[in-house]
Amino acid sequence: MAEKIPSWPKVTIRLYDDHNAEVKIAGRSHPLNNSDPRAAAIQLVAERAAQLGRPMKVTAVEADGASWPLVVHPDGQVDAIDTGARKKKPIWPIVVALVVAVVLIAGTTLYVTVFSKLGDHKPVATASPKLPSLPEPSVEPYEFSPKTQPPGYTSHASWSVDIAKDSTPAIRPDGTEVAILSEDADSNRKVVVFNSEGKVLWQDKVPKDASNPVYTTIDSKVVLAVTTEDTLYYWEGDGAFPKEIELPDSATVQFFGKSPLIVLSGDNAGAMVVSGGVLKEAPAGPRLSTILLAEGDRALYALYGGPIYWTQPDKKTQQLDLQKPGGAGAVKQVVAASPDYALVLWTSVKSPDMVIPVVHSTASGKFVAVCKPQQNGDTEGWDWVPDPMRRAAAWGPCVINLSTGKSTIVPDFQPLSLAGGFIYGTIHSQLYAVSSNWSQHKLQDITRPWGIAGSHAIVVYNSVLYALDRS
């Protein structure tokens, strides 16, 4: 059986003493400190095997250097790989089961032991291992020296922290967490997660080439994710170890939707989604359709002239017809999509040289908001800036209240970002903030916030993150 199990990812368990061990999975180190480091190590590998949906080959190394090739199954069962006669008895748990047996394979005695804590041979659940303790970054109150705070906030930051150069923070959609990349003098990086008041919730080392953190949804859970050239890492929080998904060669990860979409290139062009902690091929949409985003293990496709489609592994493709708004003729173009919304241009029945920009629900196909008709071609270059909380949005100069479905045109407005009830953008190169009631506020030299965490506006200046207080 062992020869049929892939050798990737490479896994090594190294025992240092009676309380300390290290698990390396695909080169990533997971230090363990536990009263039973063998059990903790096996549990960690079993969790990874469960994510992959198959057993994993493991090399277990004792403190004295003796090594043992093992197979760890998703349910925690551990088998030894027969490699010939051994001079000493392995002390690693070989089978976690209700029965202890001695199995003879090809004349070689395979010694079988169980965890000492099993006692009467009934499995004992152990707590999932937690991330190791790391030195916390310096967090302190500070004054935002540029004095270019956004409207409604002071220049005083209740807390501030250095972040890695050229990196950007991530704010959990509900505003309860802020995640950053931190970097030491040797360019070693870690991801650090704070609550909205600056308390460190957890932190973990990441590769030097890790991308900026992003909050996304995997298997119906909000997680924090980073990517490297060959791996997607994501943390479910509460100090739990990250889950790691190896990426195919030349794959890129997109976060346009609620969940990551893995786009393949070259001879294996296509896309994959994450389901059950593993990659699964996203079923292709109809011929000539374009993939737009992922939501869980579903992928959204669209034909240029509509309609839109959801595909899902092992399920039939779902077609969503787009609801026609009043005065519209036919779909001219499905332009783009974001979580919950598709942006569509319709032809105008009354004016053939006009188009009607419409925001549609990707759940039902119904229209959510209809913008004022525009001259054909004038919508090219319109940017879409939606509120993560689904309260407001701007599609070019069309500013939308997503709660009521009403919209208005702010002439020459080019949206840039949205935070704290304001849509930030420019009118003739001058910065403005447009409020929820569509009033316009001309701004002078302000720093646009990345988002709102609790009662704080999160801004970044010279590689320092500031959590500004409300005024």
What length, rounded to one decimal in nm, is gained on full extension from S220 through to T59, with 0.36 nm per residue of separation minus their alpha-carbon distance?
54.6 nm
Angle check, please: helix 37-52 long axis (alpha carbons) against the longest principal axis of the chain (alpha carbons), in degrees 0 to 90, nearest 10.
50 degrees
Assuming R0 = 35 Å, can you tell me the calculated FRET efficiency for the pair K366 and S455, based on Cβ-Cβ distance, to the nearest 0.05?
0.50
Given a cut-off of 17 Å, what percent of all Cα-Cα pairs of region 382-449 lie beyond it?
29 percent
State, to one decimal in nm, how far the label point of N401 lies from the label point of E143, with both points 7 Å from Cα in the Cβ direction.
4.0 nm
In the structure displayed, which of K258/K324; K130/K243; K280/K316; K4/K243; K350/K406 lie more than 18 Å apart, Cα to Cα?
K258/K324; K4/K243; K350/K406
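Mind checking region 139-239 for GluC sites (Glu not before Pro) that DSSP puts in a loop (not H, G, I, E or B) and that have at most 16 other Cβ atoms within 10 Å?
Of the GluC sites (Glu not before Pro), the ones in loops of region 139-239 whose Cβ has at most 16 other Cβ atoms within 10 Å are E197, E229, E236.
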Using a Förster distance of 51 Å, the FRET efficiency for H19-R287 (Cβ separation, nearest 0.05)
0.30
How much length would be gained if the chain were fully extended between V464 and N188, taking 0.36 nm per residue of separation minus their Cα-Cα distance, in nm to one decimal?
97.6 nm
If the label point sits 7 Å along Cα→Cβ of F255, residues of region 267-309 with amide N under 20 Å come out as 272-280, 292-300
Here the FRET efficiency for N195 versus D166, based on Cβ atoms and R0 = 22 Å and rounded to 0.05, is 0.30
Can you give me the distance in nm between label points at Q319 and S29, each placed 7 Å from the Cα along the Cα-to-Cβ direction?
5.7 nm
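Readers should treat all values here as calculations from the given coordinates under stated rules, not as data from a laboratory. It should be emphasised that the depicted structure is a prediction, and the values quoted were computed from it without experimental measurement. Methodologically, a virtual Cβ is constructed for each residue, glycine included, from the backbone with ideal geometry; neighbour enumeration extends over all protein chains shown.
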